[in-house]
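The next block holds one structure in the form of structure tokens; read it before the comments.
The values are calculated or read from the model by the stated rules, or taken from the named source; none is laboratory data. No experiment lies behind these values; they were computed from the predicted model shown. Please note: Cβ atoms are built from the backbone with ideal geometry, for glycine as well, and neighbour counts cover all protein chains shown.
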Amino acid sequence: MTEVQQQIEIQPLKPAVQPVNLLGLDRAAMEDFFTGIGEKKFRATQLMKWIHQQGVVDFQQMNNLSKDLRTQLAEHACIKNLEVAKDQLSIDGTRKWLLRLPDGNHIEAVFIPEDDRGTLCVSSQVGCALDCSFCSTGRQGFNRNLSTAEIISQVWLAAHLLEEEKKPGRKITNVVMMGMGEPLLNFDNTVQAVRIMMDDFAYGLSKRRVTVSTAGVVPAMDRLGDVIDMRLAVSLHATNDALRNELVPVNKKYPLKELMAACRRFINKQNTRSRITFEYVMLEGVNDRPEHARELIKLLKGIPTLMNLIPFNPFEGSGYRAPSRNAVSRFSDILHKAGMTTVVRKTRGDDIDAACGQLAGKIEDKSRRHRRFAEPRFGMEQ
Ligand code: SAH
């Protein structure tokens, strides 16, 4: 036996390629997959219905597929969800899942029920690289992007675990990509995931019910506007560059003037995009004064706006405080009077740390940022 033959003989038999996780394929990718294994394109919609609408992850149960095809699928593909590490229900009905990734990191997803809707808040990355000074996810540092399958798995798991509750009003009607991470720094996987959320053969959410939130990655906002139509939310938080540089450091790269221009371009790309949601975390004594409200009106002039005021959700060692109720109502009154549609976001799921900026997961930080935070940087009083 030659050396080469010997090597061939002792190598274990491995499939030529890793099985594809069908959970992360949008319609076009699913069609490619099926044509790639010599099947008809329409199989794509059949599979999507089984996975996302019926919640079936075992090929053998897909009884409108031939036995041969089921066997073939089991060979080339898989449908693999994340593992639920923790499942918490708040007294206000908010439900939060801590999900374990195959590499040992953890992310979080949150379901927030309201009278007229059920919103799922989804993570896009393991941690976040943007380092916003008031956000506890940012404190954790950054590890990696989530794959499309890992983003969609949050929707799949939430949809099916909520269905098991068998209670009215526990259905996902809206998805916001406002969990851990900056979705626009995980562009392709985010876009593909949004396509699956909106596909009639999957979750069928309308473009008004899917929101991608960004801290202001300007070039990616432009690309997003070119490839997909959904709602955009922009985390603004400050009305001048000096303060925004401090709160949202990506502002040093893409300052307010550029960000506002990108918002205008986004709005103009399609007339169905009626307005942009702006998020504004209110921090006591930092950005919650009447003059800030007036600056905000000036800054957003001409941009159709839905203003979301988010009273700061404190976390240990943040160095910031929540604004007084008075400050919030004074601020929102000024915006209202100027004709700006303004909503004060209620804190939900506080008892289970599910509120904005409290999602932390458990991640292995590759940016070593959390070490930096081990030393106080804001002259904390607590
Ligand atoms: N990176 C994206 C997606 C995350 S969205 C973005 O920045 O838009 C999460 C939202 O919660 C953002 O608007 C963020 O600024 C806000 N947030 C973060 N920490 C918060 C906190 N401690 N209290 C209230 N809101 C917070």
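Structure above, values below:
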{"read-out": "Unmet requirement for residue 330, which otherwise passes all of (1) of a type outside the set (Gly, Ala, Ser); (2) surrounded by fewer than 16 Cβ atoms within 10 Å (Cβ to Cβ); (3) touching a residue at least 60 places away in the same chain (Cβ under 8 Å)", "value": "(3)"}
{"read-out": "Considering residues of segment 208-235 that are within 14 Å of the ligand (Cβ to nearest atom) and out of contact with any helix residue (DSSP H, G or I) (no Cβ under 8 Å at 6 or more places or on another chain) only, the residue nearest to residue 287 (Cα to Cα)", "value": "235"}
{"read-out": "Hey, residue 164 free of Cβ contacts under 8 Å to residues at least 12 places away in the same chain and of a type outside the set (A, V, I, L, M) or not", "value": "yes"}
{"read-out": "Residue match in segment 42-59 (condition: assigned to a helix (DSSP H, G or I) and more than 21 Å from residue 192 (Cβ to Cβ))", "value": "yes"}
{"read-out": "Exclusive hit being touching a Phe, Trp or Tyr at 6+ places or on another chain (Cβ under 7 Å), touching a residue at least 24 places away in the same chain (Cβ under 8 Å) and not basic (Lys, Arg), set 155, 175", "value": "155"}
{"read-out": "Pairs where the first residue, in segment 307-320, is closer than 18 Å to residue 238 by Cα and assigned by TED's automatic domain parsing to the domain that holds residue 294 and the second is within 7 Å of the ligand (Cβ to nearest atom) and β-branched (Val, Ile, Thr), C-beta under 9 Å, 6+ apart", "value": "309/281; 310/281; 311/281; 312/281; 313/281; 320/281"}
{"read-out": "Selected residue (only one of 124, 133, 153, 147 is touching a Leu at 6+ places or on another chain (Cβ under 8 Å) and away from the ligand (no atom under 13 Å from the Cβ))", "value": "153"}
